[in-house]
Amino acid sequence: MGRIKRKTILFVIIIFTLSFGMVKATDFALHKSSETEFCISCHSMTIPYNDYIKSPHYANQHGVSAQCKDCHINEKSNIEYLTAKLGGIKDIWFETTGKIDSKEKYEEHRMEMAQTVWKQMKANNSATCRSCHDYDKMNFDKMSAKAKQQMQIAASKNQSCIDCHKGIAHSLPKVKSDTFDINELKSGSTAYTTTISPLYNNQDFASIKAKILPYTQFTILDKVNGAIKIKLNGWQEAHKNLLYAMEGKRITDAVIRGLNDIQETGKTYYNHTTKKSWKELSIIAWIKSTPVTTNINQQWEKNKFEYESKCAQCHQKVQEHHFSSNDWPAQFKGMARQAKLTKNETQGILKYLQYHSSDITNNVEN
């Protein structure tokens, strides 16, 4: 009987020791796999790491450096902790199978991966961010006037950090854009420009001050040795050297200063509020090689993402329908300067906002 008891006790001790060892080993592995050094051991993770070391979350005036786990693993929730670990296994699988093993492949899937993280942060109300950035511990009086105003509004609503602060530690993903060179179009085709491009009076490309702006519809009339002859239709207010997309709406399609082939169609419009006359124009001009698209709705999605991600970093998003198409240019000018947008980004996002403003119900479609 004694021998049986001793064997039982020995067996229990062995099982306990093995179990304890497995628990400790698992705990060690889980914590070790949370370290930044482990995260960047995968080649593909060096891409977001290079973004991170250029951000304030890596180096700042306080000398506090957030590690990968501080942003991506909510250790206060066992379920979210394990979910994050399973997500890490998925990333390892993607690395092993070659899905994100190059910069090109990584960029192709960056939006998908970013949206997964943003969704998680939205669901837990940015729990990992709040481990450092707690509304209750913020000294609003040490913030700039604009930051104080916006942060107090966010605090009053207990708003999730990720609503406004995308692209803080990693580069923002780029929305896929179905663009191609204008030379791929045939005569008679209709498309939209996607960048600011000069316009000319002939195929000799003598410089003038005319230019076409992003997301302006045009029709190709002819193609001569790389020079493209196009036709634009739009409206002119009084004697301004601007071509607008619609009567009464200052949605700028082109600067027409210096163009010779400008014809009036006979259609006119009088704005009783501004006491200005408008007339419809048909314009013939030449253009060099430039990127274009036939899928304007995809471009609107691109501009919507850029507007929400870049402009919301300074303040809460102003809804597209909050202003009219004629009010948006003045309102957006300050936003574009604050967000350090390029000229193309400024013109593209502005046109997106105008086409989705309070007084435009039928947006441009394919």
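The values are calculated or read from the model by the stated rules, or taken from the named source; none is laboratory data. These figures come from a predicted structure and were not determined experimentally. All Cβ positions, even for glycine, are placed from backbone atoms using ideal geometry, and neighbour counts span all protein chains on display. Calculation scope for accessible area: heavy atoms of the full protein, side chains included, ligands and nucleic acids excluded. Shrake-Rupley method; radii C 1.70, N 1.55, O 1.52, S 1.80 Å.
Points to keep in mind about this one:
- Taking a Cβ cut-off of under 15 Å around Asp51, the surrounding Lys, Arg, Asp and Glu residues balance to a net charge of +4, with basic ones at +1 and acidic ones at -1.
- Backbone phi angles across segment 51-56, fed through the Karplus curve with coefficients 6.51, -1.76 and 1.60 (θ = phi - 60°), yield HN-Hα couplings of 5, 4, 6, 9, 9, x Hz in residue order; Gly and Pro are listed as x.
- Ranking by accessible area, most exposed first, for Arg257, Arg130, Arg337 with a 1.4 Å probe: Arg337, Arg257, Arg130
- Rounded FRET efficiency, nearest 0.05, which uses the C-beta distance separating Gln149 from Gln319 and R0 of 22 Å: 0.75
- Structure note, pairs Lys176/Lys211; Lys137/Lys174; Lys119/Lys176; Lys122/Lys333; Lys103/Lys229: Cα-Cα distances above 27 angstrom occur for Lys137/Lys174; Lys122/Lys333; Lys103/Lys229.
- Between Ser77 and Leu172, the FRET efficiency from the beta-carbon distance, with R0 = 30 Å, is close to 0.65.
- Placing unit charges on each Cβ (+1 for Lys and Arg, -1 for Asp and Glu) gives segment 178-313 a dipole about its Cα centre, and among Met246, Ile228, Tyr307 the Cα reaching farthest toward its positive end belongs to Met246.
- Each Lys and Arg contributes +1 and each Asp and Glu -1, all at the Cβ; summed about the Cα centre of the chain, the dipole is approximately 860 debye.
- Segment Phe38..Met111, full-extension length gain: 24.0 nm, with 0.36 nm per residue of separation and the alpha-carbon distance subtracted.
- Converting the Cα gyration tensor eigenvalues of the chain into ellipsoid dimensions via √(5λ) gives semi-axes, longest first, of 56, 25, 16 Å.
- Diffusion coefficient, µm² s⁻¹, Stokes-Einstein with Kirkwood Rh over alpha-carbon pairs of segment 180-306 at 4 °C and 1.567 mPa s: 86 µm²/s
- Straightening the chain between Gln331 and Ser65 buys 92.1 nm, computed as 0.36 nm per residue apart minus the Cα-Cα spacing.
- Cα-based Rg and Dmax for segment 68-140, where Dmax is the largest Cα-Cα distance (Å): 14.6, 48
- Computed extension gain for Ser55 through Asp222, at 0.36 nm per residue and net of the alpha carbon distance, reaches 55.2 nm.
- Contact order relative to length of segment 153-306, as percent, for alpha carbon pairs under 8 angstrom and 6 or more apart: 28 percent
- Kirkwood Rh in Å, taken over all unlike Cα pairs in segment 233-366: 16.2 Å
- Cα gyration tensor shape for segment 267-341, rounded if a/c is under 1.5, else prolate or oblate: oblate
- Sorting Phe140, Phe38, Phe218 by solvent-accessible area of protein heavy atoms yields Phe38, Phe140, Phe218, largest first, with a 1.4 Å probe.
- When only Cα pairs below 8 angstrom with a gap of at least 6 residues are kept, the chain shows a relative contact order of 13 percent.
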